[in-house]
Amino acid sequence: MEIKGQAWKYGDDIDTDVIIPARYLNTSDPAELAKYCLKDLDEDFVTKMNEGDLIVAAKNFGCGSSREHAPLAIKAAGVSCVIAKSFARIFYRNAINIGLPILESVEAAEKIEEGDEIEVDIDSGEINNLSKDEVYQAEPFPEFMQELITAGGLINYVSRKVDSNE
Amino acid sequence: MGMTIAEKILAAHTEKDEVKAGELINAQLDIVLGNDVTTPVAIKEFNKIGLTEVFDKEKVVIVPDHFTPNKDINSANQAKFIREFAEAQELVNYFEIGKMGIEHCLLPEQGLVLPGDVIIGADSHTCTYGALGAFATGVGSTDMAAGMATGEAWFKVPESIKFIYQGELNPWVSGKDLILYTIGDIGVDGALYKAMEFTGEVIENLSMDQRFTMSNMAIEAGGKCGLIAPDQTTIDYVEERAERDYTLYESDADAEYEEVIEYDVSEIEPQVAFPHLPENTKGISEVGEVEIDQAVIGSCTNGRIEDLRIAAEVLEGKQVADNLRLIILPGTQEISKQAMREGLFEIFIDAGAAVSTPTCGPCLGGHMGILAKGERAIATTNRNFVGRMGDPESEVYLSNPAVAAASAIKGKIVSPEEVI
Ligand code: SF4
């Protein structure tokens, strides 16, 4: 999976209410949700970003509600990866479960600047800042999560388990 | 080495005798919960697995509470979608309008969640049930789908932080103030990925309703759950409700904690969290002049009978300020009935408040009290993020029910002492 694009930078504690405000939660259609991605944080994020771009944020990204609509909206908007100093736990879980690549790296979150061209190798956790010619290393995923990611998310993983039990 | 209550409950739901913080495990689930926002996504994911039936018709609980009674056509379609699923799956615990309540008020009240359970809910405030001594945590819709299919979920066994509350509570200080104060102290990621364990003589003397309020907001500190060891108060609460066995767990004396934090509650006054994070707390004496347009008393944090009684105590014989909207949302139908019996509704309506059927409503900016641009509300809810209750340029201040009621009377944020 190729992850390469421009970085959009945000701060601490970006919550799920600004990622996808509740007034748009009366649908679960990803294409519809994508239109309002980050709406209350950065009004025209969706129009200015390009397919493949990355979100780079500080600590506790995705705090607040359990709405899976948040990672869904980000993924459907075309964001290829979210890098942060840390993630709120439900968001972290949801992102892995639905197959939105995320990486924790304090160094990357600090050094990457808005507009930097970034390339990511999700397997090794290597983050390449092409604009600055720097490389940062993210925390690798525990083995079980690697399995989930390789399976393409939790539902595929469970389907396989269910099939093999039958 | 001993185990924490979180480790003990999780271990009891695996094939192991012992689990340790940091371990990844698969645990059996006692309850899998969803609401009208998260369940539609979960059903679509569930259908992809290719199973025709959920793992247990009694253990999958669905409560349409966020945008119900349906606020618009889209939300009506969502509610219809889950209603049809519940019917087709013959779910025993689907709660229709008229029988429902806000999920985290309803499940304990109905005896569906019990001490020693492992519960996942596709709603972040599922951590509320930690007050009963259950391991309960919020997850997303995909986890809910997998849980409905298999009756299991994967967890990383969390490290625990122990909070000890000692001393004498000041007047008008409640569980809400203790948890707001705690979040103000450790921050909105102060307990990230961790189990919070609330202990000490103050917790032992708290009512069940106030314990729910505390555990409810563990997520606001990033916590995975907010546990309180069950005691006689817990047993008295669940005895009259439980229809199955339950187990009481407590942490071993030599259990390992990542941190132990002690508070002397005699130093804590009623708390107000300023926009736009629950950690922006101030004591009521430091609030200054904050005029408000709306006050909301309700939600899974403070929509229980004790909360309504306190609000009524403050509002009795008084009037809400001119041009201010006070909206009161009892947590469940049972709570409504009880409040009616006790004459609380009459007090509210005489004071000029609007009383609603149970719903999440304005708590998440859904309906029933959305804020316009530039408006300000005080609310007994749990989040004050940007745009949480309406326009991105509106503001939410969080408090306990007594402060919210007093502020509704004065039209600005004040201590209950200023009106009583
Ligand atoms: S009352 Fe508010 S916080 Fe509680 S479940 Fe409903 S929307 Fe969520």
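Some points to look at:
- Test for B:Lys282: is it in the same structural domain as B:Lys194 (by TED's automatic domain parsing) and at pLDDT 95 or above: no
- Residue list for segment B:42-70, filter: of a type in the set (Val, Ile, Thr), within 16 Å of the ligand (Cβ to nearest atom) and under 12 Å from B:Met144 (Cβ atoms): B:Val61, B:Ile62
- Scanning segment B:78-106 for residues that are of a type in the set (A, V, I, L, M, F, W, C) and either away from the ligand (no atom under 11 Å from the Cβ) or in a loop (DSSP other than H, G, I, E, B) (or both) gives B:Ala79, B:Phe81, B:Ile82, B:Phe85, B:Ala86, B:Ala88, B:Leu91, B:Val92, B:Phe95, B:Ile97, B:Met100, B:Ile102.
- Selection status of B:Lys99, of a type in the set (Lys, Arg), within 14 Å of chain A (Cβ to nearest Cβ) and more than 27 Å from A:Gly62 (Cβ to Cβ): no
- Residue in segment B:175-183 that is closer than 25 Å to A:Phe61 by Cβ and either within 14 Å of chain A (Cβ to nearest Cβ) or acidic (Asp, Glu) (or both) present: yes
- Taking the criterion of being within 16 Å of the ligand (Cβ to nearest atom) and assigned to a loop (DSSP other than H, G, I, E, B), the only residue of segment B:13-36 that qualifies is B:Asp36.
- Criterion violated by B:Val414 - all others in (1) assigned to a loop (DSSP other than H, G, I, E, B); (2) away from the ligand (no atom under 16 Å from the Cβ); (3) within 18 Å of B:Leu106 (Cβ to Cβ); (4) not polar (S, T, N, Q) satisfied: (3)
- Failed item, numbered, when B:Arg388 is tested on (1) more than 16 Å from the ligand (Cβ to nearest atom); (2) of a type in the set (D, E, K, R); (3) surrounded by 22 or more Cβ atoms within 10 Å (Cβ to Cβ): (1)
- Scanning segment B:264-291 for residues that are within 19 Å of the chain's Cα centre (by Cα) and aliphatic (A, V, I, L, M) turns up B:Val272, B:Ala273, B:Leu277.
- B:Asn280 falls short on exactly one of the conditions (1) closer than 17 Å to B:Trp172 by Cβ; (2) polar (S, T, N, Q); (3) crowded, with 16+ Cβ neighbours inside 10 Å, and that condition is (1).
- Filter result for B:Glu279 (within 14 Å of chain A (Cβ to nearest Cβ), more than 16 Å from the ligand (Cβ to nearest atom) and within 20 Å of B:Asp177 (Cβ to Cβ)): yes
- Residue list for segment B:372-385, filter: out of contact with any His (no Cβ under 8 Å at 6 or more places or on another chain), in a loop (DSSP other than H, G, I, E, B) and buried (at least 24 other Cβ atoms within 10 Å of the Cβ): B:Thr380, B:Thr381, B:Arg383
- Subset tally (residues that are at positive phi and surrounded by 14 or more Cβ atoms within 10 Å (Cβ to Cβ)) for segment A:123-144: 1
- For segment A:72-101, the set of residues classified as crowded, with 24+ Cβ neighbours inside 10 Å and facing another protein chain (nearest Cβ under 8 Å) consists of A:Leu72, A:Ala88, A:Arg89, A:Ile90, A:Arg93, A:Asn94, A:Asn97, listed by residue number.
- Residue ID - farthest from A:Ser86 (Cα to Cα), chosen from residues in segment B:192-208 that are facing chain A (nearest Cβ under 10 Å) and surrounded by 20 or more Cβ atoms within 10 Å (Cβ to Cβ): B:Lys194
- Test result for A:Asp17, buried (at least 23 other Cβ atoms within 10 Å of the Cβ) and either assigned to a loop (DSSP other than H, G, I, E, B) or within 8 Å of chain B (Cβ to nearest Cβ) (or both): yes
- Checked against (1) in contact with a Lys or Arg (Cβ under 9 Å, 6 or more places away or on another chain); (2) under 25 Å from B:Thr38 (Cβ atoms); (3) within 14 Å of chain A (Cβ to nearest Cβ); (4) away from the ligand (no atom under 15 Å from the Cβ), B:Gly361 passes all but a single condition, namely (4).
- Annotation: of all residues in segment A:48-94 being in a strand (DSSP E or B) and of a type outside the set (Val, Ile, Thr), the one that is nearest to the ligand (Cβ to nearest atom) is A:Cys63.
- Residues of segment B:123-168 satisfying the condition of being in a loop (DSSP other than H, G, I, E, B) and within 13 Å of the chain's Cα centre (by Cα): B:Asp123
- Applying the condition of being under 17 Å from B:Ala136 (Cα atoms) and at the interface with chain A (Cβ under 10 Å from one of its Cβ atoms) to segment B:12-33 and asking which residue is surrounded by the most Cβ atoms within 10 Å (Cβ to Cβ) yields B:Ile25.
Here's the yes/no breakdown for (1) at the interface with chain B (Cβ under 9 Å from one of its Cβ atoms); (2) out of contact with any strand residue (DSSP E or B) (no Cβ under 9 Å at 6 or more places or on another chain); (3) modelled with pLDDT under 95:
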residue: A:Thr27; (1), (2), (3): yes, yes, yes
residue: A:Lys35; (1), (2), (3): no, yes, no
residue: A:Gly62; (1), (2), (3): no, no, no
residue: A:Ile112; (1), (2), (3): no, no, no
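- Breaking point among (1) among the polar types (S, T, N, Q); (2) more than 30 Å from B:Arg241 (Cβ to Cβ); (3) surrounded by 24 or more Cβ atoms within 10 Å (Cβ to Cβ), for B:Asn323: (3)
- Pick from segment A:20-47, criterion among the polar types (S, T, N, Q) and either part of a helix (DSSP H, G or I) or touching a Pro at 6+ places or on another chain (Cβ under 8 Å) (or both), ranking: surrounded by the fewest Cβ atoms within 10 Å (Cβ to Cβ): A:Thr47
The values are calculated or read from the model by the stated rules, or taken from the named source; none is laboratory data. It should be emphasised that the depicted structure is a prediction, and the values quoted were computed from it without experimental measurement. Backbone-built Cβ (ideal geometry, glycine too); neighbour counts: all protein chains shown.
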